Amino acid sequence: NRDFHLYGTNTTTGFYFDESAGRFGIGTASPASTLDVVGSNSRSIATITGTSNAIGESHSTVLMNGDSGNCAAQLPAASGCTGRIYIFKRLDSSGNGVKIQSNGSEEIEGSTNDLDINNQYEVFTLQCDGSRWWIISDNHV
């Protein structure tokens, strides 16, 4: 059994790896899942404009603004993104097009068509299974 503990000053709940169970804890010395995080966490948030926006590893939540013209986000190739989740939200109420584009001929929810975000504050959450992107939730406003 080769458990690993890494603690900061004045804490007993830093990083913990339980080798026998194959579990990793952040903020807990008793992880109950493969990855167990106790405490807050943050994810990146970015605002994009224009039509040349390659979405990648550094993105999580993408706010899309079409006030100055059409806005498009290009998804990365699905083959390198198994399990990855993106959230896309439209900010503007202009008549300009705002869309999410698949990578080449890859699919979003079984279609190779772009995913249009037509309404202000409309939100799509997408997740990749390694070969295509799936709509996990959509909030049509």
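The rows are residues; the columns are (1) on the phi < 0 side of the Ramachandran plot; (2) more than 19 Å from the chain's Cα centre (by Cα); (3) open to solvent by 80 Å² or more (accessible area, probe 1.4 Å).
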residue	(1), (2), (3)
17	yes, yes, no
23	yes, yes, yes
30	yes, yes, yes
46	yes, no, no
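Test each condition in (1) without any contact (Cβ under 8 Å) to a residue 12 or more places away in the chain; (2) under 28 Å from residue 59 (Cα atoms) for residue 10 and report the one that comes out false.
Result: residue 10 passes all but (2).
Name every residue in the stretch 50-86 that is in contact with a strand residue (DSSP E or B) (Cβ under 6 Å, 6 or more places away or on another chain), over 19 Å from residue 113 (Cα atoms) and open to solvent by less than 20 Å² (accessible area, probe 1.4 Å), in order of residue number.
Selection gives 62, 66, 81.
The values are calculated or read from the model by the stated rules, or taken from the named source; none is laboratory data. Small disclaimer: the values here were computed from a predicted structure and weren't measured. We place every Cβ from the backbone using ideal geometry, glycine too, and count neighbours over all the protein chains shown. Remember, those area values only see protein heavy atoms, side chains included, never the ligands or the DNA or RNA. Shrake-Rupley method; radii C 1.70, N 1.55, O 1.52, S 1.80 Å.
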